Amino acid sequence: MRTITLSVLLTSVFALFAACGMLGPKKVFQTEDDLRREYKKSESEFKAKYDGKEVSAAGRAGSVAMAGEAGGIVYFETNTHESVSGAPSIACYVGSDGASRFNELKVEKGTLMRVKGKMKVEALTMRLEDCKLEQVGPSALSGE
């Protein structure tokens, strides 16, 4: 009986952690502008909350500088709307293990994309390290 009670308790705790998002990615932002808006509210709170954590965001590719299978950098298209004015743009640093997907799906300027990577916040810069391409096209914005 004690084993059953312990099993039920552990299963409940695991389910609660999963439901609260304590397992898996820390945060999924609908768009990279949402990410920048949160940064703009409080840089120090943003850094404490997300620096070094896995983050997922969607938007349009701005500048794309891929070096074949070696990787490269993909910048999000910069929005000049006042709600994100003053927040740094976001760069996606693609390693060699993620480059083939960016190349295969032909990510170029204007491509709608959803990416995931480890957030690195430094003086006036935000970047997603070890960036992986999750989706391209209109479905990337919906997260489906």
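The values are calculated or read from the model by the stated rules, or taken from the named source; none is laboratory data. What you are looking at is a predicted structure, and each value in this text was computed from that prediction instead of being measured. Counting neighbours? That spans all protein chains shown, and the Cβs are built from the backbone with ideal geometry, glycine included.
Out of (1) surrounded by 17 or more Cβ atoms within 10 Å (Cβ to Cβ); (2) under 30 Å from S44 (Cα atoms), what's the single condition that is false for S85? If we test S85 against (1) surrounded by 17 or more Cβ atoms within 10 Å (Cβ to Cβ); (2) under 30 Å from S44 (Cα atoms), just (1) comes out false. The set of residues from the range 46-100 being under 13 Å from M126 (Cα atoms), hydrophobic (A, V, I, L, M, F, W, C) and free of Cβ contacts under 8 Å to residues at least 60 places away in the same chain comprises I73, V74, F76, A87, I90, A91, C92.
For the range 1-58, residues that are farther than 24 Å from P138 by Cβ and modelled with pLDDT under 85 total 25. Being out of contact with any Cys (no Cβ under 8 Å at 6 or more places or on another chain) and farther than 17 Å from Y39 by Cβ is not true of A87. Scanning the range 75-99 for residues that are more than 10 Å from L133 (Cα to Cα) and either among the hydroxyl-bearing types (S, T, Y) or in contact with a Gly (Cβ under 9 Å, 6 or more places away or on another chain) (or both) yields a total of 14.
Would you check if there is a residue in the range 58-71 being β-branched (V, I, T) and surrounded by 20 or more Cβ atoms within 10 Å (Cβ to Cβ)? No, there is no match, as no residue in the range 58-71 is β-branched (V, I, T) and surrounded by 20 or more Cβ atoms within 10 Å (Cβ to Cβ).
Is there a residue in the range 59-78 that is modelled with pLDDT under 90, outside any helix (DSSP H, G or I), over 15 Å from the mean Cα position of the chain (by Cα) and among the β-branched types (V, I, T)? Yes, the range 59-78 has at least one match.
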